[in-house]
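Please read the structure below before turning to the comments.
Here, each number is a calculation from the coordinates, and none is a lab measurement. Keep in mind that what you see is a predicted model, and the values were worked out from it rather than measured. Please note: Cβ atoms are built from the backbone with ideal geometry, for glycine as well, and neighbour counts cover all protein chains shown.
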Amino acid sequence: MTNLDDLSAIQTLDAENVRGSIELVGKQCRQAWDDVRGIAFPAAYRTPSSIVFAGMGGSALGAYMIRSLFFDTIPVPFEIVNDYHLPPYVNEKTLVIVCSYSGTTEEAISCAREAIGKHAMLTGITEGKTLGELFRSSDTPAYLFTPTYNPSNQPRLGTGYTAYSQFAILTALGLVSVTDRDTDDVVRVAEEGNKAYGLSVPTSGNPAKALAHTWFEKIPIIVSAEFLKQVGRIIRNQFHECAKSFAAYHDIPELNHHLMEALTYPEGNKSLLSFLFLDSPLYSPRIKKRVGITKDVVKRQGMHVEEFVPTSSTKITQAFECVQFGAYVNYYMSMLYGINPSKIPWVDYFKTELAKE
């Protein structure tokens, strides 16, 4: 389809209501924040020697947000595992957080079992099923949520549950600091985003729809830095699964040491690559300067540059502001490509083949 203001056509294509999940991310965060308060954690969980997070795909996105947002305040080493096995140093003094939205992710289940075997301080997040039963049978204090505000029931669109619950768990343990006010602000910013980027806002005044048109048949390259570094990862992953569109993300300052030279060839880069800079006014002065020069380098090599400047006042609200904007853009991209954003046929095929004897 070509008309992103044709609400009837969009609703027909979006049969599983992915739009509803995007619109309700603020309510997801609120539910997770309130629910986690009811979990009783042992006192030892407050003083781990290190934190290891285990999760895959959309279920791991919250951990990446935490690593970026609280990089300078988390008091112990924090490692993310996207695989079957925990690091060898995990022991009874390690806090292990395992997240699988579905509760059936085999890598996450493997890590949870290893954590139990190593007598680690285990907690986690899941809707239930196998991982939920493992938590129950081992008396693990964990967040087993009911995804009331994720009508599509797609894990990548339940960021409020899988990400914000991790914020809430680590806050309850005194390992990061997120406040009630922060949560109120995240919910408010999400509601404002719906008003700015929602389906009822016409393309002429909707930055998310406009960027989707710009990126149609292009390869999006998302560039971010500092506390927004891993937000680029989240937007990229959602492009892959919702829009079925290849995308990439890079972070400053690392990209300044290699990527700028890589734009020369092939010649098709000039017409195919399109950059989005997540450009926060809260970046440190040195990073702000790098962002400006990097934009100039990309433009000088003939490539298109867009920017998204979050307007909220804190790092945590800006992170969710960017995630929500990216979710709307990739949703509209899926509409332009004429595909149902909920379906993931190749992932489903892979899981079916993997399960065969």
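Numbers below:
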item	result
Segments 45-58, 300-313 sorted - mean Cβ within 10 Å per residue, highest first	45-58, 300-313
Rel. contact order, % - alpha carbon contacts under 8 angstrom, at least six apart, the chain	21 percent
Pair residue 2, residue 348: separation of 7 Å Cα→Cβ label points (nm)	3.0 nm
Helix-derived mean residue ellipticity, 222 nm - over the chain, DSSP H n ≥ 4, -39500 (n - 2.57), to 500	-13000 deg cm²/dmol
Furthest towards positive pole of dipole, 111, 171, 138, structure part the chain, Cβ charges	171
Choice from 267, 321, 241 with maximal GNM fluctuation in the chain (Cα, 10 Å cutoff)	267
Rounded if a/c under 1.5, otherwise prolate or oblate - segment 1-95, Cα gyration tensor axes	prolate
Dipole magnitude of segment 75-180 about its Cα centre (Cβ charges: Lys, Arg +1; Asp, Glu -1), debye to nearest 20	80 debye
Extension gain, residue 15 back to residue 44 (0.36 nm per residue minus Cα-Cα distance, nm)	5.8 nm
Relative contact order (%) - criterion: Cα under 8 Å, at least six apart; region: segment 200-336	33 percent
Two-site FRET efficiency, residue 300 against residue 177, from Cβ-Cβ distance with R₀ of 35 Å, rounded to 0.05	0.25
Förster radius 25 Å - calculated FRET efficiency between residue 269 and residue 214 (Cβ-Cβ, nearest 0.05)	0.95
Cα gyration tensor, segment 200-336 - rounded (a/c under 1.5), prolate or oblate	oblate
Options 262, 282, 204, ranked by Cα towards positive dipole end of segment 200-336, top entry (Cβ charges)	282
Of 319, 32, 40, the one that fluctuates the most in a GNM where the chain has Cα springs shorter than 10 Å	40
Inter-label distance, nm, simple model (7 Å from Cα along the C-beta direction), residue 188/residue 293	3.8 nm
Among 164, 64, 101, residue whose mean-square fluctuation peaks in a GNM of the chain (springs only between Cα atoms under 10 Å)	64
Prolate/oblate/rounded call for segment 315-356, Cα gyration tensor, a/c under 1.5 rounded	oblate
Dipole in debye (nearest 20) - the chain, about Cα centre, beta carbon charges: Lys, Arg +1; Asp, Glu -1	540 debye
